[in-house]
Amino acid sequence: MTKVDVLLGLQWGDEGKGKIVDVLTPKYDIVARFQGGPNAGHTLEFNGTKHVLHTIPSGIFHEHVTNIVGNGVVIDPVVFATEIEKLSVKNVNVAARLLISKKAHLILPTHKLLDAASEAEKGKSKIGSTLKGIGPTYMDKTGRNGLRIGDILSENFIEKYNTLVEKHKKMLSHFQFEYSLDEMEAAWFEGIEVLKTLTFIDSENYLHKAIREDKKILAEGAQGSLLDIDFGSYPFVTSSNTVAAGACTGLGVAPNSIGSAFGIFKAYCTRVGSGPFPTELDNEVGERMRKEGNEFGSTTGRARRCGWLDIPALRYACRLNGITELYMMKADILSIFEEIHVCTHYKINGVQTDEMPYDLLDGKVEPVYTTLKGWNADLTQIRTIEAFPKELSEYIAFIEKELEIPITYVSVGPDREQTIVR
């Protein structure tokens, strides 16, 4: 029987997963998203056009591929309908290529209101939520109150919806927060009608059958491993398991069905929103990195915080996920630097460690850097590893030695063609 390969981000999200899924998709029959929701922004670029997906798997542009939104995903009908509309304009037959798990949960307009009210109340200690209603939706899921895709087909769907909305209104009354629900609801129910045109499935049964039939399956993660609800920089994390184990619970796939784990990381680090970031460059160097890398969130448009590559954090993520291959993204962005710094250890209270501490928040984590020579050359036209500058090859070799995992793909630009296989 075939194994399910998993593709994950190893940092705080925005590593370039969408592009790599698009590059790998021709090798697969099925691409399945297993967690997260419209807080994700997967950017793909080919034939000179940029595409941003939020919930729909990144294999949607390939005609032969079935795309599945798994049970671990949370779906906003409004965002989903907009995504479908944008794809339809580009002649992508979404209905023919997309299946949705009946067990995926729905994001209600009131979930978004609760998200905004909660963040507003936190003030300076806010988490940096995308305000897409993700957290409140997962809270209803674990609190056993949620509405699921399968409920859309039930006779008492409106009744179930109204019951949950009334509960949310009571919760909102505890906040000093003004809102208008009518407009939001109208768009939401329009989105529900769009969803009804798609095929809902028991995705765990579908995937079990596909595995037995030796179909090639790629599980696509969203966000990044350092945002995992259990293993990330809590509480500045997302509300789902973003690590490889999340593919099992988010798709209904058994652990012994998991094959290779592909880990994607940027040649440097970025983070959106609040939370600890040991190698952050809150200075002119970080600003140059942000500008060169166009580091602004594809979902929120917010400026991303930038910093040097963090090996202890990367090693931690590799271990959590059982990474078998590494893909390095955005190598071209570091071309502007004469010297490149890599964090190899942390110093905590004068003691050096290469492990992630329980609490990154107390501000006592000091990065210890190794300095490498930069390549100072335009990489964007390179199409073979033989053409790599010597310094880039040395940078790659340094990371491989530290992590003891091969880097098999290197990205030198946003386009599909700018992905070099090593």
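Every number here is computed from the coordinates shown, using simple stated rules; none is lab data. What you see is a predicted model; the values in this text were computed from it and never measured. FYI the Cβ positions are ideal-geometry reconstructions off the backbone, even for glycines, and counts take in every protein chain you see.
Taking 0.36 nm per residue of separation and subtracting the Cα-Cα distance, full extension of the segment from LYS216 to ALA187 would add 6.8 nm. Dipole magnitude for segment 168-257: computed about the Cα centre from +1 point charges on Lys and Arg Cβ and -1 point charges on Asp and Glu Cβ, it is near 360 debye. Here the dipole of segment 160-202 is about 280 debye; that uses its Cα centre as origin and unit charges on the Cβ of Lys and Arg (positive) and Asp and Glu (negative).
For ASN283, neighbours were defined as the other residues whose beta-carbon sits under 14 Å from its Cβ, and their charges (Lys and Arg +1, Asp and Glu -1) total 0. Net charge near VAL194, counting Lys/Arg +1 and Asp/Glu -1 over other residues with Cβ under 11 Å of its Cβ? Neighbour charge sum, excluding VAL194 itself: -3. Bridging of LYS86 to lysines at a Cα separation below 17 Å is possible for LYS50, once same-chain residues fewer than 8 apart are set aside. For the pair MET139 and ASP202, the difference between a 0.36 nm per residue extended length and the Cα-Cα distance amounts to 20.4 nm.
Rank by packing, highest mean first: peptides 65-71, 278-284, with packing defined as the count of other Cβ atoms within 10 Å averaged across residues.
The peptides rank, most packed first, as 65-71, 278-284.
Here segment 353-422 and segment 91-168 have alpha carbon centers that stand 38 Å from each other. From its DSSP helices (H runs of at least four residues, each -39,500 (n - 2.57)), the chain gives a residue-normalised ellipticity at 222 nm of -9500 deg cm²/dmol. Compared with the alpha-carbon gap, the fully stretched path from GLU85 to TYR369 is longer by 97.5 nm at 0.36 nm per residue. For a straight C-alpha distance cut-off of 18 angstrom, the aspartates and glutamates reachable from LYS169 (same-chain residues fewer than eight places away being disregarded) are ASP115, GLU119, GLU121, ASP140, GLU159, GLU178, ASP182, GLU183, GLU185.
Remark: segment 1-108 carries a charge dipole of roughly 180 debye about the Cα centre, counting +1 on each Lys and Arg Cβ and -1 on each Asp and Glu Cβ. Taking other C-beta atoms within 10 Å as the exposure proxy, GLU292, GLU83, GLU121, GLU15 rank GLU121, GLU292, GLU83, GLU15 from fewest upward. List, in the order given, every pair from LYS19/LYS390; LYS122/LYS196; LYS167/LYS216 whose Cα-Cα distance in the structure shown is over 32 Å. Too far apart for the 32 Å limit: LYS122/LYS196; LYS167/LYS216. Among the GluC sites (Glu not before Pro) in segment 158-209, those placed in a DSSP loop whose Cβ has at most 11 other Cβ atoms within 10 Å are GLU178. When peptides 146-156, 384-394 are sorted by average Cβ neighbour count within 10 Å, with the highest value leading, the order is 146-156, 384-394. Within the same chain, aspartates and glutamates fewer than 8 places from LYS209 are excluded, and of the rest, those with a Cα less than 15 Å from its Cα are ASP29. Simple rule: put +1 on each Lys or Arg Cβ and -1 on each Asp or Glu Cβ in segment 111-216, find the dipole, and look at LEU113, LEU195, TYR179; the Cα lying farthest toward the positive end is LEU113.
Peptides 350-358, 220-228 ranked from most to least packed give 220-228, 350-358, packing being the mean of other C-beta atoms within 10 angstrom over each peptide's residues.
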